[in-house]
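Asks: Starting off with a structure, shown below.
We did not get these values from a lab; they are worked out from the coordinates using the rules stated. Keep in mind that what you see is a predicted model, and the values were worked out from it rather than measured. In this analysis, Cβ positions are derived from the backbone assuming ideal geometry, glycine residues included, and neighbour counts consider all displayed protein chains.
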Amino acid sequence: MEWFVKAYLKAALAWLAAGVTVGVAMAAHPAWTVYRPAHMHMVLLGFVTMMIYGVAYHVIPRFVGFALYSRRAAGWQWWMANVGLALMVAGFALRADGLSAGTPVLTTGGVIAAAGAYTFVYVIWRTIDGPAGLRAAARMSAEASARRSRLPVA
C-alpha cells in the first residue's frame, strides 16, 4: 500500500476522533454549538472525504488496470487536503469566538483544500483514462476498425 494511502486512512481516523470529540463537547455544553461548522467539516471533509481519497487512490488504479497517474501529486494532495482543512477548522473556531482573523484563515484553508480536491479529480481522471500512449493506440485501433467496417464485402 502506498504511503499516501495509509496517510489518508490514518488522517481520516484522526479527523473522526477529533470531530466526535467536538460533537461530544457540544452535547455536554450546548453553548459550544457555535463550533458546529468546525465539527461538521472535521467529520465530513476530515473523515468522509479523506477516507474516500485514500480508498480511491488504492482501488481505482486496480479497477482500471493502469498505474496511478501521479504518485507525487497524490502525496502533495494529502498535504493540501489536511493543511487546508486544519486552517478551515481553525478559521471556523476563530469566527465562532468573534475574532476577525477567522475569515482570512478560513478562506485560506478553503482555497488550499479546494486545490487539493481539484488535484484529486485531475489525478483520478487521468488514471481512469490511462497513459497517453495507450489512449493513442486505442484511438488508432478504433479508427482502423471503423475504416475496415466501411469496406465493401466481396
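Asks: Restricting attention to region 105-133, report how many residues are closer than 15 Å to residue 75 by Cβ and of a type in the set (Ser, Thr, Tyr).
Replies: Final tally of qualifying residues: 3.
Asks: Restricting attention to region 63-91, which residues are among the basic types (Lys, Arg) and out of contact with any helix residue (DSSP H, G or I) (no Cβ under 9 Å at 6 or more places or on another chain)?
Replies: 72
Asks: Any residue in region 26-53 that's more than 16 Å from residue 86 (Cβ to Cβ): show its pairings with residues that are surrounded by 14 or more Cβ atoms within 10 Å (Cβ to Cβ) and of a type in the set (Phe, Trp, Tyr) at Cβ separation under 6 Å, as long as the two are six or more apart or on different chains.
Replies: Short answer, once both residue conditions are applied: 26/32.
Asks: Is it true that residue 119 is of a type in the set (Ser, Thr, Tyr), under 20 Å from the mean Cα position of the chain (by Cα) and assigned to a helix (DSSP H, G or I)?
Replies: Numbers: of a type in the set (Ser, Thr, Tyr): yes; under 20 Å from the mean Cα position of the chain (by Cα): yes; assigned to a helix (DSSP H, G or I): yes.
Yes.
Asks: May I pose another question? On the given criteria, is residue 99 closer than 30 Å to residue 31 by Cβ and surrounded by 13 or more Cβ atoms within 10 Å (Cβ to Cβ)? Can you show your working first?
Replies: Values: closer than 30 Å to residue 31 by Cβ: yes; surrounded by 13 or more Cβ atoms within 10 Å (Cβ to Cβ): no.
In short, no.
Asks: Are there any pairs with C-beta distances below 7 angstrom linking a residue in region 110-123 that is under 10 Å from residue 84 (Cα atoms) to a residue that is loosely packed, with under 14 Cβ neighbours inside 10 Å and not hydrophobic (A, V, I, L, M, F, W, C), with the two at least 6 apart or on different chains, and if so which?
Replies: Close Cβ pairs (under 7 Å, with a partner that is loosely packed, with under 14 Cβ neighbours inside 10 Å and not hydrophobic (A, V, I, L, M, F, W, C)) do not exist here.
Asks: Being in contact with a Leu (Cβ under 6 Å, 6 or more places away or on another chain) and outside any helix (DSSP H, G or I) is the filter here; which residues of region 95-106 pass it? Steps first, answer last, please.
Replies: Going through region 95-106, the residues in contact with a Leu (Cβ under 6 Å, 6 or more places away or on another chain) turn out to be 101-102, 105.
Hit for region 95-106 is 101, nothing else.
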